[in-house]
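J.: Below is a structure I'd like to ask you about.
The values are calculated or read from the model by the stated rules, or taken from the named source; none is laboratory data. Small disclaimer: the values here were computed from a predicted structure and weren't measured. Because the Cβ atoms are built from the backbone with ideal geometry, glycine has one as well, and the counts that use them run over all protein chains shown. Only protein heavy atoms, including side chains, enter the accessible area calculation; ligands, DNA and RNA are left aside. Shrake-Rupley method; radii C 1.70, N 1.55, O 1.52, S 1.80 Å.
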Amino acid sequence: MSAEPVIHLDGVSLTLGGRPILDRLSLEVAARGITALIGPNGAGKSVTLRVIDGLLRPDTGSVRLAPGRRAFVFQRPALVRASAAANVALGLIPLDLARRERAERTEAALARVGLSERASDAATRFSGGEQQRLVLARAWAMQPDLLLLDEPTASLDPAATETIESLIVEMAGAGTAVLLVSHNLGQVARLADETVVLSAGRAVERGPTRSVLFSPRTAEARAYLTGELPWTSFAAAS
Amino acid sequence: MSQTLQETFARLWTLDRDVLAIAWLSLRVSLTAVGIGLLLGVPLGALIAVARFPGRDALVGLLNTFMGLPPVIVGLILYLALSRSGPLGALGLLFTPTAMVAAQAVLATPLVAALTRQVIADAEAHLGEQLRSLRLSAPRRAGVLIYDARFSLFTAALAAFGRAISEIGAVLVVGGNIDGHTRTMTTAISLETQKGDLSLALALGAVLMSLVLAVNAAAAFLRGHAVKAYG
């Protein structure tokens, strides 16, 4: 990993609806490669992504980001009742591109996720897997410096998951820093260079994915990893 | 009673040019008012839905209250403004179709805005985070959400049309029910009823109902087609 982190959270706390979600969370994410953010439900993973993206403001602490473009892929595909192409192009509005370049990038992104043929079809009629490919195509078209992914393959079948994963790997290879929230530990093992374990709003463990997954040092990380069904099957298979 | 009905049907067949002119004026005034109401109310409602500012809740409450604005009050206020000694008296608009359009637009706008706000707030719950994450400005977000919710906004347009075409208080006060100039379906029906020509009043009522039905049917047809393409 390079020296300068792309994300630097320092002592971030956030209470939502009277419930403390983040508790003096400190976190660094490498400027290259894929970092996975794992932990039990309610640990604050999705909220952490939202704080990083500026959608939520922390009560205390600081959020420092390297300058650059961010793209956020939400767990539930957020699509407008419009064509697939229009939904990809939506992500390009803030980039102020010339009409022609916007069209080219949209076309390339749809081609990349195998949806070229359906460019003018209604996006909200797509299947779950197609919708998630479409929102990832939108992120891909934006050519972000930082990609935030909130369980991008939850509820997708293996084929769709494979497509999404290959896109993530490709974007990371092209220089996009990726922060991936996932409950699929097999996926984390396949994709992530680094893994951070979140528990009760704090980062309890961080390190190279293999060592975090195979030999967790903290009790919280161990508790999460041993209680996780996909992980046990993955460990048995490997 | 049965004689009145018989006469009504007889007169429906022989509706003269005057009645058609009245029907056309009613339709023209109300559709124009709804058009203005949509132009003003949709962006206003959508902006209130996406923007966060102090006094927003109060504004929403006010808007919801204005949905029930009594037409005759709107007519009266506009009458005062447009009367010769009023602030807008110089325009010479009192007792013209333009004044009637203005009055109905005042009725339609808050209705459209309030319904739009609700529809856009629902769309925002689904898409809002994504749009904010894309760092789109509030007007841009409102625009995208209006587009997303465009089929639901049909209902707002129809509600506004229903309110405009069926009201009598506002057009009566600012229009004056002048024969051949500002007489609409509702003011004509009221007048004929007072004169005791019930069969004509009923015939006019049937025409008015047909108009409303035709506009709603046309809207439903258009909406159905649009939804089929991009539901």
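J.: Can you name every residue in segment B:109-139 that is facing chain A (nearest Cβ under 10 Å), polar (S, T, N, Q) and touching a helix residue (DSSP H, G or I) at 6+ places or on another chain (Cβ under 6 Å)? Reasoning before the result, please.
T.: Taking segment B:109-139 as the starting set, the residues that turn out to be facing chain A (nearest Cβ under 10 Å) are B:123, B:126-137.
Applying the additional criterion that residues be polar (S, T, N, Q) yields B:130, B:133, B:137.
The answer is B:S133, and nothing else.
J.: Any idea which residue in segment A:66-84 is farthest from B:A125 (Cα to Cα), counting only those that are open to solvent by 30 Å² or more (accessible area, probe 1.4 Å) and within 13 Å of another protein chain (Cβ to nearest Cβ)?
T.: Step one: list which residues in segment A:66-84 are open to solvent by 30 Å² or more (accessible area, probe 1.4 Å), which gives A:66-70, A:75-76, A:81.
Then drop every residue that is not within 13 Å of another protein chain (Cβ to nearest Cβ), which leaves A:68-70, A:75-76, A:81.
On the way: A:G68: 27, A:R69: 24, A:R70: 21, A:Q75: 14, A:R76: 12, A:R81: 15 Å.
Out of the qualifying residues, it is A:G68.
J.: Kindly establish whether B:Q130 is at pLDDT 95 or above, open to solvent by less than 20 Å² (accessible area, probe 1.4 Å) and closer than 20 Å to B:L39 by Cα. Step through it out loud before you land on a result.
T.: Values: at pLDDT 95 or above: yes; open to solvent by less than 20 Å² (accessible area, probe 1.4 Å): yes; closer than 20 Å to B:L39 by Cα: no.
No: the conditions fail for B:Q130.
J.: Name every residue in segment B:140-156 that is more than 11 Å from chain A (Cβ to nearest Cβ) and at pLDDT 95 or above, in order of residue number.
T.: Quick first cut of segment B:140-156, residues more than 11 Å from chain A (Cβ to nearest Cβ) only: B:142, B:153-156.
Within segment B:140-156, just B:A142 meets the criteria.
J.: What do you reckon, is A:R112 within 14 Å of chain B (Cβ to nearest Cβ), in contact (Cβ under 8 Å) with a residue 24 or more places away in the chain and of a type in the set (K, R)?
T.: So A:R112 fails the test.
J.: Here are A:D59, A:D23: which of them is more than 10 Å from chain B (Cβ to nearest Cβ), touching a Gly at 6+ places or on another chain (Cβ under 8 Å) and acidic (D, E)? Full working, then the answer.
T.: Details: A:D59 fails: touching a Gly at 6+ places or on another chain (Cβ under 8 Å).
Exactly one of A:D59, A:D23 is more than 10 Å from chain B (Cβ to nearest Cβ), touching a Gly at 6+ places or on another chain (Cβ under 8 Å) and acidic (D, E), namely A:D23.
J.: Please go through (1) surrounded by 18 or more Cβ atoms within 10 Å (Cβ to Cβ); (2) under 20 Å from the mean Cα position of the chain (by Cα) for B:G162 and return the number of the only condition it doesn't satisfy.
T.: Failing condition for B:G162: (1).
J.: So, of the residues in segment A:43-62 that are open to solvent by 50 Å² or more (accessible area, probe 1.4 Å) and touching a Lys or Arg at 6+ places or on another chain (Cβ under 9 Å), which turns out to be farthest from A:L149 (Cα to Cα)?
T.: Within segment A:43-62, the first condition is being open to solvent by 50 Å² or more (accessible area, probe 1.4 Å), and the residues that meet it are A:54, A:57, A:59-60.
Those still in the list that are touching a Lys or Arg at 6+ places or on another chain (Cβ under 9 Å) too: A:54, A:60.
Values: A:G54: 15, A:T60: 24 Å.
It comes out as A:T60.
J.: While we're here: Of all residues in segment A:112-130, count the ones that are closer than 19 Å to A:S166 by Cα, assigned to a helix (DSSP H, G or I) and modelled with pLDDT under 95.
T.: Of the residues in that region, 4 qualify.
J.: Quickly run through segment A:3-60 and pick out the residues that are more than 22 Å from A:R190 (Cα to Cα), of a type in the set (G, A, S) and not in a loop (DSSP other than H, G, I, E, B).
T.: A:G11, A:S13, A:S26
J.: Of the residues in segment A:194-229, how many are of a type in the set (F, W, Y) and surrounded by 22 or more Cβ atoms within 10 Å (Cβ to Cβ)?
T.: Qualifying residue count, segment A:194-229: 1.
J.: Among the residues of segment A:107-132 satisfying the criterion of being of a type in the set (A, V, I, L, M) and more than 20 Å from A:P144 (Cα to Cα), which is most open to solvent (accessible area, probe 1.4 Å)?
T.: Of the residues in segment A:107-132, the ones of a type in the set (A, V, I, L, M) are A:108-111, A:113, A:115, A:119, A:122-123.
Among the residues that remain, those that are also more than 20 Å from A:P144 (Cα to Cα) are: A:115, A:119, A:122-123.
Values: A:L115: 3, A:A119: 27, A:A122: 8, A:A123: 0 Å².
Applying the filter and picking the extreme gives A:A119.
J.: Please identify the pairs in which a residue from segment B:189-202 that is within 18 Å of B:I178 (Cα to Cα) has its Cβ atom under 9 Å from the Cβ atom of a residue that is hydrophobic (A, V, I, L, M, F, W, C) and outside any helix (DSSP H, G or I), counting only partners at least 6 apart or on another chain.
T.: B:I189/B:I168; B:S190/B:I168
J.: In addition: Taking only segment A:141-193 into account, find how many residues are among the aliphatic types (A, V, I, L, M), open to solvent by less than 20 Å² (accessible area, probe 1.4 Å), closer than 21 Å to A:A78 by Cβ and not in a helix (DSSP H, G or I).
T.: Qualifying residue count, segment A:141-193: 8.
J.: Of all residues in segment A:85-106 being surrounded by 18 or more Cβ atoms within 10 Å (Cβ to Cβ) and part of a loop (DSSP other than H, G, I, E, B), which is farthest from the other protein chains (Cβ to nearest Cβ)?
T.: Filtering segment A:85-106 for residues that are surrounded by 18 or more Cβ atoms within 10 Å (Cβ to Cβ) and part of a loop (DSSP other than H, G, I, E, B), the one farthest from the other protein chains (Cβ to nearest Cβ) comes out as A:L92.
J.: Only one of B:I36, B:I22 is out of contact with any Pro (no Cβ under 9 Å at 6 or more places or on another chain), within 30 Å of B:R141 (Cα to Cα) and among the aliphatic types (A, V, I, L, M); which?
T.: Only one candidate qualifies: B:I36.
J.: Still on this structure, please answer the following. Looking at B:L12, B:L27, B:L31, can you tell me which residue is under 27 Å from B:S210 (Cβ atoms) and open to solvent by less than 40 Å² (accessible area, probe 1.4 Å)? I'd like the intermediate steps shown before the answer.
T.: Working: B:L12 fails: open to solvent by less than 40 Å² (accessible area, probe 1.4 Å); B:L31 fails: open to solvent by less than 40 Å² (accessible area, probe 1.4 Å).
Matching residue, one of B:L12, B:L27, B:L31: B:L27.
J.: Hey, another quick one. Which of the following residues is in a loop (DSSP other than H, G, I, E, B) and either touching a residue at least 60 places away in the same chain (Cβ under 8 Å) or of a type outside the set (V, I, T) (or both): B:I178, B:I165? Lay out the reasoning, then the answer.
T.: On the way: B:I165 fails: in a loop (DSSP other than H, G, I, E, B).
The conditions single out B:I178.
J.: Would you point out which residue out of B:V101, B:V60, B:V72 is modelled with pLDDT of 95 or more and surrounded by fewer than 21 Cβ atoms within 10 Å (Cβ to Cβ)?
T.: Values: B:V101 fails: surrounded by fewer than 21 Cβ atoms within 10 Å (Cβ to Cβ); B:V60 fails: modelled with pLDDT of 95 or more.
Residue meeting the stated conditions: B:V72.
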